[in-house]
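Read-outs throughout are calculated quantities, based only on the coordinates presented, and are distinct from any laboratory measurement. Given the structure is predicted, the values throughout are model-derived calculations rather than measurements. Note that we place each Cβ from the backbone using ideal geometry, even for glycine, and neighbour counts take in every protein chain shown.
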Amino acid sequence: GLVARLREEARALREKVEVVDDAPPTTDDSVRSAIRTDAPVPEPPFWGVQEIPVDLDEVFHHLDTHVLFKLHWGGRGVKGAEWERLIREDFGPRLRRMWRDQDYLRPRAVLGYFPCNADGNEVVVFDPEDPERELHRLVFPRQPRHDRICLADYFRPLTEDPNSAQERDVVALQAVTVGPRVTGVCEQLEADGEFAEQLFTHGIGVQAAEGIAEWLHARVRTELGIEAGRGRRYSWGYPACPDQSEHVKVFDLLDAQRIGLSLSGGYAVEPEQSTVAIVAHHPQATYFGMKSGFVPEDGAPDALVIEAPRADELPPDSEPAEAGEPEPAPVPSAG
């Protein structure tokens, strides 16, 4: 009866073995991942920081229309012929018209190449004019389990042998924005009750910022002489580098205020449609979280570059991953 069942459930609860999480904290650096430490170091075209003029015609081809149309413009759930019709008759022409006619995207970008090395869970950033002088240490968490990946592992480690020459690696840091005007336009559209137009405009602003970041990352790959799918771009606030307070150091390194960026009290980048990122050129760089992701083989292509539809392609009718989800990690090989 009921009493017997309750007694059995209580007994099972008492006897249940408590699983103790004995994983080390994400700050632990006693065990490093198996990521190669001998990846070739490319030569950047310049050292230090430069503002990069943004060509919106070029950026257009880096827009991720899959995310724009599905997540921002309300295309979620539309499939098959209806999806193709929506793109052909509405979203496609609308995007091209809005991109051509807008006057609210004021793009700016800044890019920096710095000598660096890894030291445990930190990327030590050195002064390009005096490579022995530390400027900042960017701190990243390490997977407690899995393959123990930390973003710092993608850069050459500091040598512990005083008799061997220290080879510096190179790290690219970038910051981009479409400026504050698009936010003001969206606020005015909302105040006027133009909710659909506000939705479309906000989506354009968000994806324009992402498109500029991807356009600049593509430029970094070209300038470093590495193939299109190699390396990764990581932004703070996502699983591999969740601590947005690190933005303070990156802002200092890039002098990000020069392009109109600032930080909120919670270290979020402002204006809203702006991104800051670190670029790792390493051939084994992959997206990962503290509970997901494994070390891939060399040359694992960047799915965001290889697979993502751009503005001049028909995006698939599948639903895109929500922001912050790492790309599917390869299953580690046995043995």
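Here are the numbers for the structure shown:
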item: GNM top mover of Arg221, Arg97, Arg232 - the chain, alpha-carbon springs below 10 Å; result: Arg97
item: The range 180-247 - convex hull of the alpha-carbon atoms, volume per residue in Å³; result: 132 Å³
item: Fraction of antiparallel bridges per DSSP, the range 7-306 only, in percent to nearest 5; result: 95 percent
item: Residue of Ala191, Ala109, Ala118 that the Gaussian network model of the chain assigns the largest fluctuation, springs spanning Cα pairs under 10 Å; result: Ala191
item: Length released on extending from Val31 to Leu6, taking residue separation times 0.36 nm less the Cα-Cα span; result: 4.4 nm
item: Net +/- balance of residues flanking Gly237 in space, Cβ distance below 12 Å, scoring K and R +1, D and E -1; result: -2
item: Segment Asp101-Leu56, length gained on full extension (0.36 nm per residue, minus Cα span); result: 15.0 nm
item: Percentage, to the nearest whole number, of Cα pairs in the range 7-306 over 35 Å apart; result: 28 percent
item: For the chain: relative contact order, % (alpha-carbon pairs under 8 angstrom, 6 or more apart); result: 23 percent
item: Gain on full stretching of the segment that runs from Arg145 to Ala218 - 0.36 nm per residue minus C-alpha separation; result: 23.1 nm
item: Ordering of 254-264, 76-86 by burial proxy (mean other Cβ atoms within 10 Å per residue, highest first); result: 254-264, 76-86
